[in-house]
Amino acid sequence: MINPEDFLEFIKNRRSIRSFQDKLIPDDEIQMILEAGRWTPSASNKQPWEFYIIRDKEILKEISNNAIYGRHIKKAPLAIAIVGKKKISPNYYIQDTSLVSMTMMLMAWSLGIGTCWTGTLNRKNVKELLGLAENDYLLTVLPMGYIKGNIPKPSLRATLDQIIKEI
Ligand SMILES: Cc1cc2nc3c(=O)[nH]c(=O)nc-3n(C[C@H](O)[C@H](O)[C@H](O)COP(=O)(O)O)c2cc1C
């Protein structure tokens, strides 16, 4: 088991990374990130997801151009698109794939690999670009790469007092 204090620190220290070194991520590390995704819990264990590994520079550039706050994507050596399969789990594909994104981000962070959730995607355009089917839900694209420069300072979080309601 992981030491809980260390684990909490690990969670607190993860940052969204938008600046990447021009260095390839080895396959065994990519594999670990994908494995973390594969072992994510899902409703009724339906695993309604597919993971698209994107290395093609032109495609990364196109994705960048289709994300308002995604200029950094084109600088990443790799991105993983997380796709929800609506037909497999119509009620939970968003929850399940959202959990995947977090397990992948944490796994990547443990390897010294930075990621950043992309919410500002033009999903329609990027779906087309990746050749996804009508029923596929493009949750996000996670650019990944070794961190370039300093790790950003943490953005503020609300205090527990502000968000806890005792019932
Ligand atoms: C649903 C979601 C959508 C996000 N979309 C973007 C985005 O489009 N572009 C971006 O640069 N960061 C995006 N982020 C990253 C957040 O800005 C970031 O997680 C937040 O500011 C907290 O910073 P931290 O992750 O370093 O703790 C997104 C995060 C989430 C959870």
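The values are calculated or read from the model by the stated rules, or taken from the named source; none is laboratory data. Given the structure is predicted, the values throughout are model-derived calculations rather than measurements. No Cβ is skipped: glycine too gets one built from the backbone with ideal geometry, and neighbour counts run over all protein chains shown. Surface areas here come from the heavy atoms of the whole protein model, side chains and all, with no ligands, DNA or RNA. Shrake-Rupley method; radii C 1.70, N 1.55, O 1.52, S 1.80 Å.
Listing for the model above:
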quantity	calculated
Estimated 222 nm signal from helices in the chain, with DSSP H stretches of n ≥ 4 weighted -39500 (n - 2.57), rounded to 500	-11000 deg cm²/dmol
Debye, to nearest 20: dipole size of the chain, +1 on Lys, Arg Cβ, -1 on Asp, Glu Cβ	580
Per-bin percent of Cα-Cα distances, the chain [5 Å]	1, 9, 16, 19, 20, 16, 10, 5, 2, 0, 0
FRET E, pair Ile2, Lys87, Förster distance 30 Å, beta-carbon r, rounded to 0.05	0.25
Full-extension gain in nm, Lys12 to Asn65, via 0.36 nm per residue minus C-alpha separation	16.0 nm
Between the stretch 75-96 and the stretch 8-38, the Cα center-to-center distance that results, in Å	17
In Å², nearest 10: area of Arg55 left accessible to a 1.4 Å probe	120
Cα-projected label distance for Arg123 with Lys46, points at 7 Å along beta-carbon direction, nm	1.6
Partners for Lys12 among lysines (Cα-Cα distance below 19 Å; same-chain residues under 8 apart left out)	Lys153
Spatially proximal lysines relative to Lys127 (Cα-Cα < 23 Å; intrachain offsets below 8 disregarded)	Lys46, Lys57, Lys61, Lys74, Lys75, Lys85, Lys86, Lys87
Exposed-loop-free span, longest in the chain, where chymotrypsin sites (Phe, Trp or Tyr not before Pro) count as exposed if DSSP calls them loop and at most 14 other C-beta atoms lie within 10 Å	70-167
Residue (of Trp49, Ser16, Ala36) at the positive-pole extreme of the chain, dipole from beta-carbon charges	Ser16
Residue-level accessible surface for Asp96, protein heavy atoms, 1.4 Å, Å²	10
Most to least accessible of Ile54, Ile11 (protein chains only, probe 1.4 Å)	Ile11, Ile54
